[in-house]
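Please read the structure below before turning to the comments.
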Amino acid sequence: MAPADATAEHAVATEAAARRLLAHAARAERGRLVAPVLLGLAGTLAAIAQAWLIARLLAALLGLGTEAGWPEFAGAAALALVTTGLGLAQERAQQAAGEAAKARLRAAAFARLLEAGPLDARPVGERTALVVDRIEALEGYFARWLPAAALALLAPVLVAGAAALLADPASGLILLAAGLLVPLVQGVSGIGAAQAARRQFDALQRLSGRFLDRMRGLPTLVLFNQQEAEANRLGAVAQELRRRTMRVLRVAFLSSAGLELIAAGALALLAIRHGAALAAAAAATAGAPQGQAAAEGLFVLLLVPAFFAPLRGFAAAYHERLAARGAAAALAPLLDEARPDWPAPQPGLLLAEVPPKVTVTFQDVRLSYDPTRPPALDGLSFRVLPGETLVLAGASGSGKTSVLRLLMGFVRPDGGRIAINGRDVTLLRPSELRRLSAYVGQRAHLFRATLRENIRLARPDATDAQIEAAARAAGVMEFAAALPQGLDTLVGEGGWGLSGGQAQRVAVARAFLRDVPLVLLDEPTAHLDPGTEAAMWESLRRLCVGRTAIIATHSRTARNGALRGARVLEIAAGRALGTARAAGA
């Protein structure tokens with residue numbers, strides 16, 4: 001397939017996925033969208049009645065042969081208050097619909113990102129832009145565009161019908177013809193606008209991702225004296241975003257100008273049609289027929305703002321639709337349920353309780369992330385008994401981390417069988433697998449919070465005594481005692497203020513506090529100096545006692561007996577090289 005054909009096919013597929021996403025979300029929020037539409041229609045009816053009363057008052061004031069007085073004035077004033085109240089209620093209902101849609105979509109996006117876990121290769125900045133900026137851009141679609149589109153279909157029909165019934169049919173037809181021109185103008189001005197909106201959001205996502213990434217790496221930029229060059233590059237990306245935003249705004253201005261031109265034309269036609277009747281009524285000395293015709297002519301002219309008000313809302317919200325299409329195109333790969341290549345939320349069984357001991361069995365397990373590359377696991381088999389520690393050793397890319405991902409439920413095997421206590425783990429919901437295990441990776445991520453709060457993350461219901469016991473077991477108290485407020489000392493984002501070894505001890509304290517039967521360690525002593533590494537292995541040895549432990553590591557210390565009684569299994573290319581041997585043998 002030619003590259004141009006592939007690009008076109010991808011664009012069509014993306015557009016279809018965006019439409020599916022918006023349609024599905026609209027169906028989910030249908031109940032909340034009824035209220036603003038009904039309130040808008042009620043406001044239109046009130047505006048029609050108000051126009052009729054004002055027309056009679058004006059005809060009487062101008063001496064055109066009609067009788068009207070204080071009752072009409074009081075009725076018009078009351079209807080003005082009613083219209084204002086209905087407008088405020090409609091705004092609140094629209095805002096509630098938009099907030100509910102955002103909450104639903106954001107929860108779904110978070111669920112999909114959490115389901116994908118570490119397999120999502122997008123930068124953090126892009127993921128942040130997805131769940132914040134892209135979903136925020138969809139609020140106008142639900143809060144303004146959908147109600148405006150419904151009202152643009154229904155409300156003008158009510159107004160034109162009132163003009164035809166209370167004045168003359170020709171006036172109603174003129175209004176309807178003018179209303180039919182509005183979607184035509186919107187369609188002409190919107191050619192290519194969806195692509196412009198999509199490019200604008202792509203530029204915003206690039207800027208957001210790059211800015212967050214560079215802010216995290218600011219010390220490195222300063223170290224290499226690249227801060228000014230990077231600022232210039234960020235400025236260029238920001239300029240691109242500005243240009244694309246202005247292109248989208250031009251579409252909104254063009255559509256508004258077209259609508260105003262149609263409204264002016266309709267008003268001119270109606271004025272010409274009813275001008276003769278008004279002149280005749282003004283020339284006549286008296287007479288009910290002339291006065292009635294004059295009131296009807298004024299009524300039709302006063303209906304023009306009420307007729308075009310929902311159409312103006314439609315035109316104003318048109319760019320919300322364009323922005324939503326662009327945002328939905330970016331969100332579709334994450335939320336589109338029709339994509340089989342994205343991990344969907346997995347159903348499965350729930351654990352009645354966490355078992356006190358577990359046996360882990362891999363039997364001819366196969367796993368591939370990409371069919372064009374060699375498999376990550378190619379028939380791997382081993383068994384780890386309760387209280388036993390297995391060290392997975394091998395070069396980078398041999399499949400060690402994939403074993404841990406399978407046991408944490410982030411991926412599912414392509415073949416073979418993984419069992420815990422003899423039960424197939426694929427029958428469990430992935431989140432239940434994570435209930436069974438405590439994980440310590442290469443680099444602990446600490447949040448901007450106290451040491452106590454960072455440890456409590458592993459078990460929010462833990463008492464202070466339990467947190468302190470976990471901190472002592474992991475060696476955290478050895479350095480926390482020297483801090484100004486002990487465990488209540490505030491730690492900066494990413495563990496700022498602590499060394500790498502101290503941050504890892506906090507991660508180990510989380511594992512102690514979690515107190516589950518399965519321990520998964522992925523290069524837990526990487527990047528540590530020999531002295532810190534030795535102390536860390538001592539803490540990990542205490543953590544593994546009485547638990548089933550699987551450790552993926554390059555460390556010679558681990559393979560040479562740092563964990564007494566551990567077995568070592570060498571793996572390469574996703575396969576076991578022989579059987580497991582005793583550590584240090």
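Assorted remarks:
- Residues (open to solvent by less than 90 Å² (accessible area, probe 1.4 Å), out of contact with any helix residue (DSSP H, G or I) (no Cβ under 8 Å at 6 or more places or on another chain) and closer than 14 Å to Phe447 by Cα) located in the range 479-493: Gly492
- Within the range 552-565, considering residues that are touching a Lys or Arg at 6+ places or on another chain (Cβ under 9 Å) and buried (at least 18 other Cβ atoms within 10 Å of the Cβ), the one modelled with the highest pLDDT: Ala552
- The range 28-55, residues that are open to solvent by 40 Å² or more (accessible area, probe 1.4 Å), at pLDDT below 90 and under 39 Å from the mean Cα position of the chain (by Cα): Ala28, Arg30, Gly31, Arg32
- The numbered conditions (1) modelled with pLDDT of 90 or more; (2) within 28 Å of Ser396 (Cα to Cα); (3) of a type in the set (Lys, Arg) are all true for Arg472 except (2).
- Selection within the range 437-458 - in contact with a helix residue (DSSP H, G or I) (Cβ under 8 Å, 6 or more places away or on another chain), open to solvent by less than 60 Å² (accessible area, probe 1.4 Å) and not β-branched (Val, Ile, Thr): Ser437, Ala438, Gly441, Ala444, Leu446, Leu451, Arg452, Asn454, Ala458
- Residue among Ala507, Ala535 that alone is buried (at least 21 other Cβ atoms within 10 Å of the Cβ), touching a Gly at 6+ places or on another chain (Cβ under 8 Å), of a type outside the set (Phe, Trp, Tyr) and assigned to a helix (DSSP H, G or I): Ala507
- Considering the range 459-478, and only residues there that are in a loop (DSSP other than H, G, I, E, B) and either of a type in the set (A, V, I, L, M) or in contact with a Leu (Cβ under 9 Å, 6 or more places away or on another chain) (or both), the residue that is least open to solvent (accessible area, probe 1.4 Å) turns out to be Ala462.
- Only residues that are within 29 Å of the chain's Cα centre (by Cα) and part of a helix (DSSP H, G or I) were counted in the range 407-426, giving 2.
- Note on the range 355-374: residues that are in contact with a Lys or Arg (Cβ under 6 Å, 6 or more places away or on another chain) and open to solvent by 30 Å² or more (accessible area, probe 1.4 Å) total 1.
- Strands (runs of 3 or more DSSP E) enclosed by the range 341-394 - at least 1 residues per element that are in contact with a strand residue (DSSP E or B) (Cβ under 7 Å, 6 or more places away or on another chain), farther than 19 Å from Ile418 by Cα and modelled with pLDDT of 90 or more: none
- Any hit, the range 130-138, residues being under 25 Å from Gly265 (Cβ atoms), at pLDDT below 90 and open to solvent by 40 Å² or more (accessible area, probe 1.4 Å): no
The values are calculated or read from the model by the stated rules, or taken from the named source; none is laboratory data. Everything numeric in this text was worked out from a predicted model, so none of it was measured. Cβ atoms come from the backbone with ideal geometry, glycine included; neighbour counts cover every protein chain shown. Calculation scope for accessible area: heavy atoms of the full protein, side chains included, ligands and nucleic acids excluded. Shrake-Rupley method; radii C 1.70, N 1.55, O 1.52, S 1.80 Å.
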